[in-house]
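The values are calculated or read from the model by the stated rules, or taken from the named source; none is laboratory data. Quantities reported herein were computed from a predicted structural model and do not represent experimental measurements. Cβ placement follows ideal geometry from the backbone for every residue including glycine, while neighbour counts extend to all protein chains displayed. SASA here: full protein model, heavy atoms, side chains in, ligands and nucleic acids out. Shrake-Rupley method; radii C 1.70, N 1.55, O 1.52, S 1.80 Å.
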Amino acid sequence: MSNIGLVIEERERSIGNFLVGRLLPFRGKRMVGPFIYIDHMGPVRMDDHANMDIGPHPHIGLSTLTYLFEGAVMHRDSLGTAMEITPGAVNWMTAGKGILHSERTPDRLRGVDKSMHGLQIWVALPKHLELMDPAFHHVEASALPTWEQDGARFKVIAGDVLGRRSPVPVHSPLYLLEIRSDTGCTVRIGNELYGEAGLYILQGEVRDGGELFGPRLLLVAKDARLCIFTMAPGTAVYLFGGEPFPEERLIYWNFVATSQALIDAARERWRKQEFVMPPGEHDPIPLPLETGFKPSH
Ligand code: MN
């Protein structure tokens, strides 16, 4: 019997001049565990005139996780961080009570052809930490736990799963696991997962309960503890989830909070330009005119 409660297809959205595939939030399922937003960026070829330029914008109440397959992004934030991320590494930025950052094509790639491919993820903070001081962590690819098992390569990108822990300093029980197989394999994780779980198929095919699923789909499990699936040769998946929070989360623009008062206060601070601009930054993104969810990234 299938353990899949919901199948979410990537939906095309624009982020500035950039097209992405939105996975979360979804109308029928806003969060999976603490994961509240997932965009699949690219893959896209960019010529010497096309650059990623997501100008300074604020966040509250969440951590952002950036993970690239191709390309590079220069991150600058109001803590003074300037950090280029390349494939396999993790940028983990915790907004807490407020941070401002920009994401741009690094200067060294601005005059040349390049590609971009990756995941941009937001993880909501637990209520007792939503006003914590902001922080930024960069974790090199070589620091993530990796191993081979039953015909697949595993990597814990964030959190705690299968007895391995990523050094990314997460704030609630969660997991983000990469599984790749060149030959095809059956993955039996079963009891090792907890909370809510989702399986994102980046490439290849996954079989679950007699059904076949192709790339760019997010499968949400009915029961995380019944996670068994088969991967076709050349498949890459991202298994993620964790303990859901007891309270609902509100999302407005780039803000996540447990109360409307926190969202309103953040809007007001942005309107009054009270966030610190990263050194050398310019062109902050204005508040959207429309209401609802219009993330900058
Ligand atoms: Mn952002």
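Using bins of 5 Å that start at zero, the share of Cα-Cα pairs per bin across the range 255-297 amounts to 5, 17, 27, 30, 14, 6, 2, in whole %. Legend: Rg and Dmax of the range 183-297, from Cα coordinates, 20.2, 56 Å. Compute the label zone of residue 283 within the range 49-77: residues whose backbone N is under 12 Å from the point 7 Å along Cα-to-Cβ. Those under the cut-off are 50-56. In plain terms, the chain from residue 148 to residue 48 could stretch by 32.1 nm, reckoned as 0.36 nm per residue minus the Cα-Cα distance. For the chain, carbon and sulfur atoms together expose 51% of the accessible surface, with a 1.4 angstrom probe and every protein chain in place. Rounded to the nearest 0.05, what FRET efficiency do residue 14 and residue 272 have when you use their Cβ-Cβ distance and R0 = 25 Å? For R0 = 25 Å, the calculated efficiency reads 0.35.
How big is D for the chain, in µm² s⁻¹ as a whole number, if Stokes-Einstein is applied with the Kirkwood radius of its Cα pairs at 4 °C and 1.567 mPa s? Before the final figure, lay out each step's value.
Values: Rh = 19.5 Å.
For the chosen part, D equals 66 µm²/s.
Given a 1.4 angstrom probe, what's the average accessible area per residue across the range 73-124, in square angstrom? Before the final figure, lay out the partial values.
On the way: 1470 Å² over 52 residues.
Here the residues of the range 73-124 average 28 Å² of exposed surface.
With a simple spin-label model that places each label point 7 Å from the Cα along the Cα-to-Cβ direction, the separation between residue 260 and residue 137 comes to 3.5 nm.
Taking every alpha-carbon pair under 8 Å whose residues sit at least 6 apart, the range 239-294 reaches a relative contact order of 36 percent.
Pairs of alpha-carbon atoms within less than 8 angstrom and 6+ residues apart define the contacts here; what relative contact order does the chain have, in percent? Provide the component values of the computation, followed by the final result.
Working: 796 pairs, mean separation 63.5, N = 297.
Normalised by residue count, the contact order of the chain is 21 percent.
Note on the range 1-136: Cα convex hull, mean projected area over all directions, 9.4 nm². In summary, the lysines within cross-link reach of residue 222, defined as a Cα separation below 24 angstrom excluding same-chain residues under 8 places away, comprise 29, 155. Remark: relative contact order (the range 88-174) = 34 percent; criterion is Cα-Cα distance under 8 angstrom and separation of 6 or more residues.
Here the 3J(HN,Hα) profile of the range 161-177, calculated from phi with Karplus coefficients 6.51, -1.76 and 1.60 at θ = phi - 60°, is 6, 6, x, 10, 10, 6, x, 4, x, 6, 10, 7, x, 7, 8, 9, 10 Hz, Gly and Pro shown as x. Distance from the alpha carbon centroid of the range 219-238 to that of the range 57-85 works out to 28 angstrom.
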